[in-house]
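What follows is a set of notes on a single structure, which appears directly below.
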Amino acid sequence: MKNMTLANIAAACGGIYHGKEEDRNKEVLSITTDSRKAEPGSLFIAIRGERVDGHDFVDSVFEKGAICVLSEQELPEAEGNYILTASTLQAIKDLAEFYRQQLSVRVVGITGSVGKTSTKEMIASVLSEKYKVLKTLGNFNNELGLPLTVFRLTEEDEVAVLEMGISDFGEMHRLSKIARPDICVMTNIGQCHLEFLHDRDGILRAKSEIFDFIAEDGKIVLNGDDDKLSTLHEVKGITPVFFGLESGREIYADELVSKGLRGTVCRIHTPEGETEVHVPLPGRHMVMNALAGTAVGLELGLSLEEIRRGIEKVEALNGRFHMIEHNGMLIVDDCYNASPVAMMASLDILMDAEGRKVAILGDMFELGENELELHAGVGTHASRNAIDLLICVGERCRHMAEAAFEGGGCGEVLSIPTLDALLETLPRLVQSGDTILVKASHGMHFEKVVEKLQTL
């Protein structure tokens, strides 16, 4: 890892080095917080968690060949080198900030209320047509996950596509300080984390902290169809590039032709020309993701043909509108997380499905004081879409079921109090030929629903 010597690590995090003098100027080969992943030449950062204290595994990481441990406590009996620091949680952020600045990699930072992960996948797929790209894996998008992603970078990587997620003010400022983005992408301003950010204006302010450490010659790419983002005409002297489905945007799409759950064919217009593309994942939001990928691709010098190829190669992730065919059913696994906007968008996509349309929806969390009304709004939307069978799971979702029933548009509406009760009754509710949408907040553990469906 470039310039990540033990001496520089100690200096970057304000720590005190204890160990062999001849090792002080050796570079670590990797950094981990997981003792199981310690290896020869690695730095192990001991984190105190709610259930596990990394300091308990110091001996084992030295046995595996770790060259050093970053610790919050003195280790007089340690068999190897260690750096003593006041807070390893703060130190990991300081080290990631230092390491990011040792590399010439260009960083694309992505935030927004919904669609961050799918947008990240689209942008990474596009840029991979020209560059060696590293992207955020899984949900490593917070103040611990982002540093661990940064530590995966090497001198061979040309572009990093980093997802950046928050729930409160100040968090994005700290993430931006680590990432130092060259290009900032914002997908939308929705209704997530309202209990901390209060309203959509609060969400906009919190998300806009991504600009705090943007490069001096940086670029900003925004969803111009979002009523909040469209108000950002200039940020730190940078004029944003807007994308959307309206012709007034710099980059826009028209001539949309739905291919059902197999995606959408559209024509993308840019200042560099236009191209017809098949977006292989369903929904208008995926067309928006393709437009974001187009905007970033153009900023980084890709041709329209390279951009088209990258869009058409994108693949769905498990839990992100991932389609599974099983025993005559088409299961749409969209259960990684949920918000009212995302849930209604998924219901819209379900309308293009063949066969009986079944939606299994669970509670959405962190919606603030209006959470019951927001759940009811999804129920009303499901009624308008005439879902054949709507199954609402959880106490909050009871209000969704009531609104859907009052709307009268659904074929059948069920309110089920718990996940266990759903799993018990599920075999009697679905049948061959169904297209089944599964979606809820991550804490509802709806991956168990997907697993159950695959056993029927």
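The values are calculated or read from the model by the stated rules, or taken from the named source; none is laboratory data. Everything numeric in this text was worked out from a predicted model, so none of it was measured. Here the Cβ positions follow ideal geometry from the backbone for every residue, glycine too, while neighbour counts run over all protein chains shown.
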Does the range 370-395 hold any residues that are in contact with a strand residue (DSSP E or B) (Cβ under 9 Å, 6 or more places away or on another chain) and either surrounded by fewer than 20 Cβ atoms within 10 Å (Cβ to Cβ) or over 15 Å from Ala338 (Cβ atoms) (or both), and which are they?
-> Ser383, Asn385, Ala386, Ile387, Asp388, Leu389
Strands (runs of 3 or more DSSP E) completely within the range 170-246 that count 3 or more residues being in contact (Cβ under 8 Å) with a residue 60 or more places away in the chain | 183-186, 219-223
Which condition breaks for Glu299 when tested against (1) under 19 Å from Val430 (Cβ atoms); (2) not assigned by TED's automatic domain parsing to the domain that holds Ile416?
-> (1)
Within the range 399-456, which residues are over 20 Å from Leu350 (Cα atoms) and in contact with an Asp or Glu (Cβ under 6 Å, 6 or more places away or on another chain)?
-> Met444
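Taking the range 346-369 as the search range and keeping residues that are more than 22 Å from Leu256 (Cα to Cα) and out of contact with any strand residue (DSSP E or B) (no Cβ under 8 Å at 6 or more places or on another chain), which one is surrounded by the most Cβ atoms within 10 Å (Cβ to Cβ)?
Step by step, filter the range 346-369, then rank; the result is Met364.
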Just to be sure, is Ile110 in contact with an Asp or Glu (Cβ under 6 Å, 6 or more places away or on another chain) and either crowded, with 18+ Cβ neighbours inside 10 Å or under 30 Å from Ile189 (Cα atoms) (or both)?
-> yes
Specify the residue that is surrounded by the fewest Cβ atoms within 10 Å (Cβ to Cβ); the eligible residues are those in the range 335-345 that are in contact with a Leu (Cβ under 9 Å, 6 or more places away or on another chain) and modelled with pLDDT under 90.
-> Tyr336
Have a look at Gly260, Gly218, Gly244 and point out the one that is under 20 Å from Met344 (Cβ atoms) and modelled with pLDDT of 95 or more.
-> Gly244
Kindly establish whether Ala96 is crowded, with 19+ Cβ neighbours inside 10 Å, modelled with pLDDT of 95 or more and assigned to a loop (DSSP other than H, G, I, E, B).
-> no
Looking only at the range 267-292, and only at residues there that are over 19 Å from Glu121 (Cα atoms) and not β-branched (Val, Ile, Thr), the one that is surrounded by the most Cβ atoms within 10 Å (Cβ to Cβ) = His269
Considering only the range 134-145, state which residues are modelled with pLDDT under 95 and outside any loop (DSSP other than H, G, I, E, B).
-> Gly145
Would you say Ala78 is surrounded by 15 or more Cβ atoms within 10 Å (Cβ to Cβ), over 29 Å from the mean Cα position of the chain (by Cα) and not in a helix (DSSP H, G or I)?
-> yes
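Condition check ((1) modelled with pLDDT of 95 or more; (2) assigned by TED's automatic domain parsing to the domain that holds Met364; (3) over 17 Å from the mean Cα position of the chain (by Cα); (4) surrounded by 18 or more Cβ atoms within 10 Å (Cβ to Cβ)) across all residues:
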site: Pro181; (1), (2), (3), (4): yes, no, no, yes
site: Asn188; (1), (2), (3), (4): no, no, no, yes
site: His193; (1), (2), (3), (4): no, no, no, yes
site: His198; (1), (2), (3), (4): no, no, yes, no
site: Asp201; (1), (2), (3), (4): no, no, yes, no
site: Arg205; (1), (2), (3), (4): no, no, yes, no
site: Phe211; (1), (2), (3), (4): yes, no, yes, yes
site: Leu222; (1), (2), (3), (4): yes, no, no, yes
